[in-house]
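The structure appears right after this line, and notes come after that.
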Protein chains: 4
Amino acid sequence: MIEASAEYVPAGKLSYGMVGGGPGSFIGDVHRRSIRSEGLGELKAGCFSRSPEGTLITGAAQGIAQDRLYPGFEEMAAEEAKRSDGIDFAVVVSPNTSHYAAVKAFLSRGIPVVCEKPFTVEEGEARELAELAKEKNLLCAVTYTYTGNVTVKHARELVRRGEIGDILCVNGEYPQEWLLPPAEKQGSKQAVTRTDPALAGKSNSVGDLGTHIESLVSYITGLRIKSLCARLDRIGKDRVLEDNATIMLEYQGGARGVYWTSQIASGYDNGLRIRIFGTKGALDWNEEACNYLWLSRFGQPNALLSRAKDPFYPQAQSYSRLPSGHPEGYFEALANIYRTYIGALIKQKKGEALDEKDLDFPDLQMGIDGVRFTGKCVESSEKGAVWVPV
Amino acid sequence: MIEASAEYVPAGKLSYGMVGGGPGSFIGDVHRRSIRSEGLGELKAGCFSRSPEGTLITGAAQGIAQDRLYPGFEEMAAEEAKRSDGIDFAVVVSPNTSHYAAVKAFLSRGIPVVCEKPFTVEEGEARELAELAKEKNLLCAVTYTYTGNVTVKHARELVRRGEIGDILCVNGEYPQEWLLPPAEKQGSKQAVTRTDPALAGKSNSVGDLGTHIESLVSYITGLRIKSLCARLDRIGKDRVLEDNATIMLEYQGGARGVYWTSQIASGYDNGLRIRIFGTKGALDWNEEACNYLWLSRFGQPNALLSRAKDPFYPQAQSYSRLPSGHPEGYFEALANIYRTYIGALIKQKKGEALDEKDLDFPDLQMGIDGVRFTGKCVESSEKGAVWVPV
Amino acid sequence: MIEASAEYVPAGKLSYGMVGGGPGSFIGDVHRRSIRSEGLGELKAGCFSRSPEGTLITGAAQGIAQDRLYPGFEEMAAEEAKRSDGIDFAVVVSPNTSHYAAVKAFLSRGIPVVCEKPFTVEEGEARELAELAKEKNLLCAVTYTYTGNVTVKHARELVRRGEIGDILCVNGEYPQEWLLPPAEKQGSKQAVTRTDPALAGKSNSVGDLGTHIESLVSYITGLRIKSLCARLDRIGKDRVLEDNATIMLEYQGGARGVYWTSQIASGYDNGLRIRIFGTKGALDWNEEACNYLWLSRFGQPNALLSRAKDPFYPQAQSYSRLPSGHPEGYFEALANIYRTYIGALIKQKKGEALDEKDLDFPDLQMGIDGVRFTGKCVESSEKGAVWVPV
Amino acid sequence: MIEASAEYVPAGKLSYGMVGGGPGSFIGDVHRRSIRSEGLGELKAGCFSRSPEGTLITGAAQGIAQDRLYPGFEEMAAEEAKRSDGIDFAVVVSPNTSHYAAVKAFLSRGIPVVCEKPFTVEEGEARELAELAKEKNLLCAVTYTYTGNVTVKHARELVRRGEIGDILCVNGEYPQEWLLPPAEKQGSKQAVTRTDPALAGKSNSVGDLGTHIESLVSYITGLRIKSLCARLDRIGKDRVLEDNATIMLEYQGGARGVYWTSQIASGYDNGLRIRIFGTKGALDWNEEACNYLWLSRFGQPNALLSRAKDPFYPQAQSYSRLPSGHPEGYFEALANIYRTYIGALIKQKKGEALDEKDLDFPDLQMGIDGVRFTGKCVESSEKGAVWVPV
């Protein structure tokens, strides 16, 4: 145990509204809790559900004024944009297929947006939204939550500083078991949202899990995908979208990769793991043990780095709240993204300049990349698992 | 991944004040963040530091009104008791030796208290405070944080339901490495607080770490200590209090145990581990991997239980926020204690009856037990590491 | 610890000769030691090296009579076939490219052969040899050593008995780090043997490591490969053969798989790992922890099976020598193959019938499969990493 | 994977006889296999069982000439001493209580002995035998098998070279589960041998397991025990000897330790683990994962050393047979002791001088230490778990 980082003092508090996150949603509560735990913002408006009842229930539980509970995101965007005390930003956590319209509604009215991944279903939509945000100079984020981990940030620094040399190959995997049974027919709202193309879009496993691998590899290494060959498997009976996928990749510069995602892999809860191999060493990061990071330096024993114990680079360690051995988890990873995002928003409001550190959160370009990646995987698989340029 | 528990909706929000937790404190921030993250309470008053400047700095950062920042806990207790909007409870996280007076100040004025462990330095003090709380019918808690873990609560249920049979022996350990160097001479405020008898009381390692073992074993198994034999070691140069300790125990009913605590064990961050062996099986819980629990059932393969994936008993699972594989950590453990404590306080205010589930947080009896345990360890060691009745 | 299996008593002792395994060889010594440790056979003849000096040195160290040390395998086969006390079988552990001729020499003269994997370089050669062995009724084996592990044998039984249901997908990996540096230019004989096409044949990583994955998957599940898409990467400078490879597979019946092999994966010694996912559960086996086996049964906690502790099926447990927790390793895995092979040879000599259990060692069909698999991977990769039927 | 050590070539072969190791024995086979696998010796005589039938059965299975199968060790020692081709050394693996007389029989006739641990039951007996061996200049060994592990030998060198600084404290544990049921009443010969004082002597758990901890700590650190306080627990019904024990220790020089042994710890196969903490770092060795060694160097990340991959000291690495990641196990640990012992015996026969390296096997002094340790634990416990000098 070393001394924890100095206590984080938020730059201020903003108000926000939420689209989605109504009764039965898991991710809405995670966003609210992460923001609240940091003392970063207050939920002031919402359109939590497609059903007005759902919105009322969640609105009441969250203590939102009745006049700021909206039947649709269009009304919400319009009304909040008019109010002098309108929300500072919107959080979109509704089903994938609704992201484009919801985000557009807010951006059009000058309200910055934090959007759950995947950003949109079609790449063109994603590009259009990014263009709009740029035009209006609106800071936006796409919540690739795992990029918020202290250990991931340290891994990124290790790569940047050349500690493992040039990247040679990458192995990413994200197995889960929860869709081994037909959960979408057994009353699981989550399962419906993932497996119904009307809600999920054109991909299940790659869009939901594969984009986490893609964004982490990109975030940690900076590698850009040159081409890929993907096979998307529909293993569960009657499934329209894939629930298992294997993807071979070539990155620009020549490094090679393989990704595997599955929702039918018995024994796995949330087995996101990224291994990056370079000319001088390697990294091995596993989400379920997210306070640790394996580091190989060729010629030396494998080392298990522990958050806040071992010398982490200052940018990574600045996100560490607790002494080593006191586990931080999923909420802190997301809170780290909000911490940076809201800090940047406040700076921007004050007219202050933003540097790279201020902008260390997953942005719309990462959102576009994820949508493009998913689209290319679907395209490759539909053509017979052939190589397609990315 | 199974569906997470239904979102927790707090019964309401209370206001609280804090003693201790000023600049450089680690634990004060942890308490504040845990309460805030649940949306359970608002910090409205404080005496954060023995120095008025410290209190002002933390008070400003926390957004507390100036007139509710106090130079001492006596003033705070007196003033807050008078206010119609006075705090609903006080949180005491100042150095150990100040607990008794601080807690007494609030209890005397009818304000319930949540006190960091150890409750007090002397057992007599602890008993006196518990008596006072009882007289005044004030709900109080001692934050043995680790008892808040979902996996610990499930372990407790497993034992209660006889799943591992009668307890035969216990092995508890809590090694750390941070006091291997003379950190108290190197500017670590934490190290001074732990090693200076004027702040820590008569024990360092047993009081700080050993009581976590003691409370967890008691919480999980219900076992009461009958006698013990303790050797307290002062290994770091010039240390007055022990930084390593070994304790052999006999429990009422005949089960045997051994505890080991250390702050000079190179390689360990926060290695709290509890193993409980029974006639039918065994449990193995490790704080650093607190989303998991090893379960042995004699004659079957060892099983690794995963929070929210494997069938946890409802009382344990009700504290689970995230789907399996999405790590919860230290903050959630403490938040679980506050969730229950504040819920009980609200019920009590409303005049509702409290059942066992409402009271599933570490109470003053656990506080007394911890102080008694520490005192007996010191006594045994001073007599030459001999057996003493407990 | 449970009682170990009853002590194994060999059915008798045979004499054997060896081709390869001279000074600097690692695998020759492993074969000799495995045979010797079981008391199964005596090394009586050899052609250990292409250099006569090498053969003399190893022959002397092994205590072989001078007149049974041969300059070439042809002479050895011819002479030993003539002797009344000639060898009962030959062990071929010379470089890959010599296997075909060496095995043929012995088979032609009626001497059974145990051949290191890969069986041959070309599939046609492998088929020819298998045909020859069949014609002459000679029992032969290809030493896919890892199939000899007790835990692998238990895994096979679990699959056969339907304990994990129908196989849905497979993930096999075998990373090593030893060829990250240009070891073949730094005096490593092993590295030369693997990377020089004149010795290794047309594949390095797939032939050396990938065939272990392929044979284990086949042995455990019985799955036959229908088609594959392989990308073979030459990452080390000046390498002619691949040192990293990714292979996507479809099995007959529809199950899917992905294999990854690497010799440039920093941090890995010998990371052979096989994961098999079915409709009811999954298996996870890791060579470096070969006394254990993870078993998932969907809906139950993951279980860690321990050799000789947990109830292993009799056919698997019959190969267990030591009580649980007393590690068996690589030598025992190979010895298990020899135990069965030599037992079968003795039975055959006596004219006794051989049942499935007697023949539970990797046979020439597995040898052919491995050569075919390697060839198809090379073919796929050369065509641009496209799908090819297998 | 690095190149394995150069192949070990035995200095020669000796003949030996065995006392004990008859039908149903586990340890006899382990000794025979370890010697055989190295090509170090041939079993030529035996008295394998107290029943002549047992000796005949094992003798036949081992291929021993009928005239060298003896009804008792006295006859065996007398006859073998007379033969010109008599055994070069005797291996004693009979029940504990018979060791003294058996060893004495051979030593008296000038035959060196390898004795299973514990050496004897009484310390006086052990000293007498050591004296006799010294008088007659007979090399002897006590097979503390685990000291033969390559990783243990490397750990020893790390301590000797000061890599972890001065030793501060030690934590040794050896839990097993096999005596949780009353195995001695259920037909387990092993259980009877361990729990019946007529066969085991005055201690079960400490003598069987605790002495392994004691010998490993002594071998690795060189620490000598100054005093101890032991509590021996009889947990299984009707047990006369302890099946669980806790021991607190003080070493000469001031270091502290705690040992725990158990045979009733559900979930454990053979959980021997030694942790050694020093002023500069720490070691953590676990028998079930004996190819690895955790090394903490204070201020650096914890490192997992892998046999034959990471730079092991030459004396340790010289015992390594296989490349890294290819597991060695229990047989190799014992074979390492025999390799050194028999090498020394051959050198001695040739009149060559023996250096420290030649004598790197557990000797009679370690045997005496183990008996003394066990005796002192029993004494302490019988006096009420009080401190006794050692």
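The values are calculated or read from the model by the stated rules, or taken from the named source; none is laboratory data. This structure is a prediction, so every number in the text was calculated from the model and none was measured. Note that we place each Cβ from the backbone using ideal geometry, even for glycine, and neighbour counts take in every protein chain shown.
Descriptive notes on the structure:
- Some residue of segment D:160-170 being part of a helix (DSSP H, G or I) and within 14 Å of chain C (Cβ to nearest Cβ): no
- Number of residues in segment A:292-306 that are away from chain B (no Cβ under 14 Å) and either of a type in the set (A, V, I, L, M) or in contact with a Ser or Thr (Cβ under 6 Å, 6 or more places away or on another chain) (or both) equals 4.
- Scanning segment A:271-303 for residues that are in contact with a Pro (Cβ under 7 Å, 6 or more places away or on another chain) and closer than 17 Å to C:ASP284 by Cα yields a single hit, A:GLY271.
- Any pair with Cβ under 6 angstrom, 6 or more apart, that starts in segment C:136-160 at a residue that is in contact (Cβ under 8 Å) with a residue 24 or more places away in the chain and ends at one that is charged (D, E, K, R) and part of a strand (DSSP E or B): C:THR143/C:GLU116
- Test: B:GLY46 is farther than 23 Å from B:ASN137 by Cα and in a loop (DSSP other than H, G, I, E, B): no
- Within segment A:246-264, the set of residues being closer than 26 Å to A:TRP178 by Cβ, more than 9 Å from chain C (Cβ to nearest Cβ) and not in a strand (DSSP E or B) comprises A:GLN263 only.
- A:MET18 falls short on exactly one of the conditions (1) away from every other protein chain (no Cβ under 14 Å); (2) outside any loop (DSSP other than H, G, I, E, B), and that condition is (1).
- Picking from residues in segment B:323-358 that are within 12 Å of chain A (Cβ to nearest Cβ), among the small types (Gly, Ala, Ser) and touching a Lys or Arg at 6+ places or on another chain (Cβ under 9 Å), the one that is surrounded by the fewest Cβ atoms within 10 Å (Cβ to Cβ) is B:GLY325.
- Meets criteria (away from chain C (no Cβ under 14 Å) and touching a residue at least 12 places away in the same chain (Cβ under 8 Å)) for D:LEU199: yes
- Matching residues, segment B:173-211, being buried (at least 24 other Cβ atoms within 10 Å of the Cβ) and touching a Leu at 6+ places or on another chain (Cβ under 8 Å): B:GLU173, B:TYR174, B:GLN176, B:ARG194, B:THR195, B:SER203, B:ASN204, B:SER205, B:VAL206, B:LEU209
- Qualifying residue in segment A:97-118 (condition: of a type in the set (A, V, I, L, M), more than 14 Å from every other protein chain (Cβ to nearest Cβ), out of contact with any helix residue (DSSP H, G or I) (no Cβ under 6 Å at 6 or more places or on another chain) and under 22 Å from A:THR193 (Cα atoms)): yes
- Residue check, A:GLU79 at pLDDT below 95, surrounded by fewer than 21 Cβ atoms within 10 Å (Cβ to Cβ) and of a type in the set (Asp, Glu): no
- Candidates C:ASP243, C:ASP238: the one that is touching a residue at least 24 places away in the same chain (Cβ under 8 Å) and within 14 Å of chain D (Cβ to nearest Cβ) is C:ASP243.
- C:GLY187 meets the conditions (1) at pLDDT below 95; (2) within 23 Å of C:VAL371 (Cβ to Cβ); (3) within 11 Å of another protein chain (Cβ to nearest Cβ) in every case but one. The failed one is (2).
- Failed criterion for D:LYS309 (all others in (1) buried (at least 23 other Cβ atoms within 10 Å of the Cβ); (2) charged (D, E, K, R); (3) at the interface with another protein chain (Cβ under 7 Å from one of its Cβ atoms); (4) within 18 Å of D:VAL159 (Cβ to Cβ) hold): (4)
- The single condition among (1) out of contact with any helix residue (DSSP H, G or I) (no Cβ under 7 Å at 6 or more places or on another chain); (2) modelled with pLDDT of 95 or more; (3) more than 14 Å from chain A (Cβ to nearest Cβ) that B:ARG50 does not meet is (2).
- Of all residues in segment B:273-291 being surrounded by fewer than 23 Cβ atoms within 10 Å (Cβ to Cβ) and not basic (Lys, Arg), the one that is nearest to the other protein chains (Cβ to nearest Cβ): B:GLU288
- Scanning segment A:13-57 for residues that are within 19 Å of the chain's Cα centre (by Cα), within 18 Å of A:LYS189 (Cβ to Cβ) and hydrophobic (A, V, I, L, M, F, W, C) turns up A:MET18, A:VAL19, A:PHE26, A:ILE27, A:VAL30.
- Within segment A:202-230, tally of residues that are away from every other protein chain (no Cβ under 14 Å) and assigned to a helix (DSSP H, G or I): 11
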